[in-house]
Amino acid sequence: MEKSAKSSGSLSCLRGENSSSMDASQPISVPASKTDELSLLAASSGNLSSSTSPQPTAGKRSSKDFIFGRVIGEGSFSTVYLAKDIHTSKELAIKVCDKRHVIREKKAEYIKREKEVLNMLSVNFKATAPFFVKLYCTFQDPDRLYFTLTYAKNGELLPYITRVGCFDIDCTRFYSAEILQALEHMHSLGIIHRDLKPENILLNEEMHILITDFGSSKILNATHRGQDVENEERAVRRRNSFVGTAQYVSPELLTDKSASPASDLWALGCIIYQMVAGVTPFHAGSEYMIFQKILKLDYICPDGFSPSAKDLVDKLLVLESSNRLGACDKEGYPSIKSHPFYQGMDFETLHQQTPPVISPYLPGTSSHEELRSNSRRRCGIPDNLEPGLDDQQLTRLLGLDLKEPTIHSITKTESPPPVQEKSKSKISIFLNMSDEELKQKLEEQKSTSKWHPFVQGNLILKQGLIDKRKGLFARRRMLLLTMGPHLYYVDPNNMVLKGEIPWSSSLRVEVRSFKIFLVHTPNRVYYLEDPDGYALEWCKAIEEVRKEAYGHEP
Ligand code: ATP
């Protein structure tokens with residue numbers, strides 16, 4: 001377990017004289033006066049010596065102390081690299097900010113704030129709330145600033161929600177509890193995050209959270225920085241803009257541009273909603289419309305939203321910030337922690353608990369257990385089976401052979417659809433056509449099919465109305481399987497192309513019932529329901545096209 005980080009007296013690894021291998025080859029093109037501010041920023045801190053610090057001594061550091069690996073991510077004025085400390089072999093994330101870019105984008109204040117907050121959190125490390133990216137050391141060369149940070153091996157939380165559609169109750173409880181535990185600690189230090197969202201919540205190797213991106217934070221009661229905060233807020237008022245991200249921004253930030261710790265509790269309410277429902281509570285086509293919805297508190301919890309989660313969300317998403325659950329708590333957030341949603345949750349040991357496996361939450365269709373697909377089980381298909389969905393495989397599937405819900409067992413209440421004409425042969429016919437025949441078919445499609453404009457000139461192999469589920473919401477779509485291959489989906493009411501399920505050699509289909517089938521892609525599981533009950537036909541067709549395009553093994 002990590003121990004408390006102590007501030008070293010000598011926070012001096014970041015001085016202007018530091019250099020790196022890049023110095024010699026790259027001209028210093030930022031005027032000295034401009035870089036003063038950034039150099040001061042760098043010099044004001046440096047190594048945060050602690051028992052957990054990756055460097056053996058708190059001396060000067062430079063980029064030569066690290067082996068830089070792949071780019072993990074890019075921000076608007078920074079690039080984050082995976083790096084290895086050559087002294088300890090520890091893996092780290094190093095955020096590299098280009099000074100010219102920082103100055104051009106007027107982000108010096110943002111970077112200072114981020115560093116100050118990360119320092120505060122490292123120095124005030126709390127063993128029962130180790131849920132923050134840790135700043136080990138900062139240094140610079142003439143062109144760049146470097147932040148060495150804990151490497152969050154599992155990336156951002158957002159893709160995990162996107163991938164499964166929405167979290168089940170265990171996951172929502174666990175991850176929101178970790179966020180709450182982190183907020184409690186941050187707020188006790190007088191830090192308001194102001195941009196809390198799943199993109200800023202990273203996951204470490206054990207799948208515990210690490211909150212990051214403190215550039216928009218506000219430090220309360222910091223008299224030495226009070227002026228900065230005031231200036232910044234005045235500037236924000238003048239610009240009529242806001243700090244944060246539209247979907248998670250609290251009403252008080254929109255109206256009087258003021259934030260309190262309760263603004264982060266609002267964001268927590270939005271995140272809990274998102275984990276349960278799969279989308280943010282206030283979503284719309286434009287920022288303006290999102291703001292209107294926020295100010296009118298215009299959100300609904302769809303069918304299937306867990307009642308205790310709804311009660312908690314309703315108590316956090318309250319327009320008047322002082323009326324939010326927890327806002328009046330004197331120390332910590334006992335009133336939130338004692339909400340029935342967290343019944344039995346031991347907040348103090350969260351960091352030692354094994355996080356639940358991320359699974360989707362679909363209680364709105366709880367009579368359809370088949371909708372659940374456990375990502376741990378490689379989506380429920382044993383490895384020792386032949387790929388493909390030929391007659392033999394279908395017989396196996398229907399033969400109750402699998403150690404998981406089978407089509408027969410999970411659809412007791414559903415009657416199978418009438419036997420359809422063999423669509424495999426229909427797809428095969430298309431796939432085996434000569435170029436001339438394909439051209440002819442395409443001409444026919446052009447003049448007869450109203451779906452032709454959406455498929456980028458590709459021949460449609462199969463089409464049909466399906467319900468595409470995202471979290472607790474389902475939308476009717478026209479699904480178009482085409483040569484290419486492509487899987488387009490179109491809003492049939494407004495005749496608008498809504499998107500495309502991305503094909504790759506790893507795309508796989510999973511049939512869960514006569515009506516329900518899943519399409520697995522690396523970043524998302526698509527939950528699709530054929531109201532007419534031809535899920536098997538869809539899977540068969542998609543699998544045939546996949547085989548044709550990519551060969552046998554998915
Ligand atoms: P912006 O600066 O525009 O607000 P940002 O905050 O996402 O964007 P960075 O902090 O530079 O910018 O991060 C860029 C990307 O790198 C992020 O998408 C994040 O997923 C990834 N990243 C940042 N820090 C770490 C880390 N410590 N471990 C793993 N990945 C990280």
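Checking each residue in the stretch 276-297 for being farther than 14 Å from Leu316 by Cα and open to solvent by 40 Å² or more (accessible area, probe 1.4 Å) picks out His283, Gly285, Ser286, Glu287, Tyr288, Met289, Gln292, Lys293, Leu295, Lys296.
Considered as a group, the residues in the stretch 458-515 that are of a type outside the set (Lys, Arg) and under 22 Å from Pro302 (Cα atoms) include one that is surrounded by the fewest Cβ atoms within 10 Å (Cβ to Cβ), and that residue is Asn493. If you go through the stretch 466-525 and pick out every residue that is aromatic (Phe, Trp, Tyr) and not in a loop (DSSP other than H, G, I, E, B), you end up with 4. Only residues that are within 16 Å of the ligand (Cβ to nearest atom) and either of a type in the set (A, V, I, L, M) or more than 12 Å from Leu157 (Cβ to Cβ) (or both) were counted in the stretch 182-212, giving 14. Scan the stretch 276-294 and tell me whether some residue there is among the hydroxyl-bearing types (Ser, Thr, Tyr) and assigned to a helix (DSSP H, G or I). There is at least one residue in the stretch 276-294 that is among the hydroxyl-bearing types (Ser, Thr, Tyr) and assigned to a helix (DSSP H, G or I).
Check off (1) modelled with pLDDT of 95 or more; (2) aliphatic (A, V, I, L, M); (3) farther than 30 Å from Asn523 by Cα for Ile211 and give me the number that stays unchecked. In the conditions (1) modelled with pLDDT of 95 or more; (2) aliphatic (A, V, I, L, M); (3) farther than 30 Å from Asn523 by Cα, Ile211 misses (3) alone.
Kindly check whether there is at least one residue in the stretch 164-175 that is within 10 Å of the ligand (Cβ to nearest atom) and touching a residue at least 40 places away in the same chain (Cβ under 8 Å).
So in the stretch 164-175, the residues within 10 Å of the ligand (Cβ to nearest atom) come out as none.
So far as the stretch 164-175 goes, no, none of its residues is within 10 Å of the ligand (Cβ to nearest atom) and touching a residue at least 40 places away in the same chain (Cβ under 8 Å).
Here is a yes/no grid of residues against (1) of a type in the set (Gly, Ala, Ser); (2) within 14 Å of the ligand (Cβ to nearest atom); (3) open to solvent by 10 Å² or more (accessible area, probe 1.4 Å); (4) touching a Ser or Thr at 6+ places or on another chain (Cβ under 6 Å):
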| site | (1), (2), (3), (4) |
| --- | --- |
| Arg144 | no, yes, yes, no |
| Leu149 | no, yes, yes, no |
| Glu156 | no, yes, yes, no |
| Ile161 | no, no, no, no |
| Ala177 | yes, no, no, no |
| Leu180 | no, no, no, no |
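For the stretch 218-232, state whether one or more residues are modelled with pLDDT of 95 or more and crowded, with 23+ Cβ neighbours inside 10 Å. The answer is no; no qualifying residue exists. Count of the stretch 82-102 residues, restricted to those that are closer than 21 Å to Lys153 by Cβ and either among the aliphatic types (A, V, I, L, M) or near the ligand (Cβ under 9 Å from one of its atoms) (or both), is 8.
Within the stretch 424-455, being touching a strand residue (DSSP E or B) at 6+ places or on another chain (Cβ under 7 Å) and either modelled with pLDDT under 85 or charged (D, E, K, R) (or both) holds for Ile427, Phe430.
The values are calculated or read from the model by the stated rules, or taken from the named source; none is laboratory data. Since the structure is predicted, the reported quantities are computational estimates derived from the model, not experimental observations. So basically every Cβ, Gly included, is an ideal-geometry build from the backbone, and we count neighbours across all protein chains shown. In case anyone asks, the SASA skips ligands and DNA or RNA and just uses the protein heavy atoms, side chains included. Shrake-Rupley method; radii C 1.70, N 1.55, O 1.52, S 1.80 Å.
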